[in-house]
Amino acid sequence: ETLLRRLHVVSSDFFRPGTGGQGKQLVPESVFAAILALGLELLGWQVEREALQAAGRTDLKLRWNGGVDVAVVEVKIWGRTGYKEVSRQLAGYWSADTVAGAVVMITDGDLADWPERYRRECLGDPELEPRREAGSGGVERWRSTSRTAQGWDMEVDHFLLRLPRGR
């Protein structure tokens, strides 16, 4: 969450000129995943980008200090390809050694009641009602608990990062 709040502060650096007369556009999600990977490595995590994990390639595969437990992270930009299926996608990356997961959803839009909209459109059908956590610095947060098709418990933090366009 600390890294995401810092991204919010420097948000104007994550826009590029639009094409065909469009306004500024956010950079690709891979840029955000790479920045998060660098930040997490500086905090002591072992990070693999686009690592093969269960049913595909997760954006970030993390291990703390060389341990065997895995955390998986998926980064999406609201409104772009696959953003509504992010919970199902993350469940596909879960394996016996996965102990935690996170989704980082990014928008530059001024969406009315975005956290509630995210819950309805993206959280899928968790077994327990998702819990909204306190957020600050442009970051909102949900926590959901469910069970994968293989019977593994899946605890996922959903971070919603709004990046202001600036000028």
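For the stretch 15-22, check the following and say yes or no: at least one residue is in a strand (DSSP E or B), touching a Phe, Trp or Tyr at 6+ places or on another chain (Cβ under 8 Å) and surrounded by 14 or more Cβ atoms within 10 Å (Cβ to Cβ). No, the stretch 15-22 contains no residue that is in a strand (DSSP E or B), touching a Phe, Trp or Tyr at 6+ places or on another chain (Cβ under 8 Å) and surrounded by 14 or more Cβ atoms within 10 Å (Cβ to Cβ). Among the criteria (1) farther than 23 Å from Trp142 by Cα; (2) more than 14 Å from the chain's Cα centre (by Cα); (3) modelled with pLDDT of 90 or more, the one Ser11 does not fulfil is (1).
Going through (1) without any contact (Cβ under 8 Å) to a residue 60 or more places away in the chain; (2) open to solvent by 10 Å² or more (accessible area, probe 1.4 Å); (3) under 26 Å from Asp69 (Cβ atoms); (4) small (Gly, Ala, Ser) one by one, Ala91 falls short only on (1). Remark: pairs (first residue in the stretch 44-60, closer than 10 Å to Glu74 by Cβ; second residue at pLDDT below 70; Cβ separation under 8 Å; 6+ apart in sequence or on different chains) are absent. On the stretch given as the stretch 107-125, residues that are of a type in the set (A, V, I, L, M, F, W, C) and assigned to a loop (DSSP other than H, G, I, E, B) total 3. Scanning the stretch 35-54 for any residue that is part of a loop (DSSP other than H, G, I, E, B), within 17 Å of Thr148 (Cα to Cα) and open to solvent by 20 Å² or more (accessible area, probe 1.4 Å) turns up at least one such residue. Scanning the stretch 144-165 for residues that are open to solvent by less than 60 Å² (accessible area, probe 1.4 Å), farther than 16 Å from Asp113 by Cα and either touching a Phe, Trp or Tyr at 6+ places or on another chain (Cβ under 6 Å) or not in a loop (DSSP other than H, G, I, E, B) (or both) gives Ser144, Thr145, Ser146, Thr148, Met154, Val156, Asp157. The set of residues from the stretch 94-106 being open to solvent by 20 Å² or more (accessible area, probe 1.4 Å), of a type outside the set (S, T, N, Q) and part of a loop (DSSP other than H, G, I, E, B) comprises Ala96, Asp97.
The values are calculated or read from the model by the stated rules, or taken from the named source; none is laboratory data. All of these numbers come straight from a predicted model, not from anything done at the bench. Virtual Cβ from ideal backbone geometry, glycine too; neighbours counted across all protein chains shown. Heavy atoms of the whole protein, side chains included, go into the accessibility calculation; ligands, DNA and RNA do not. Shrake-Rupley method; radii C 1.70, N 1.55, O 1.52, S 1.80 Å.
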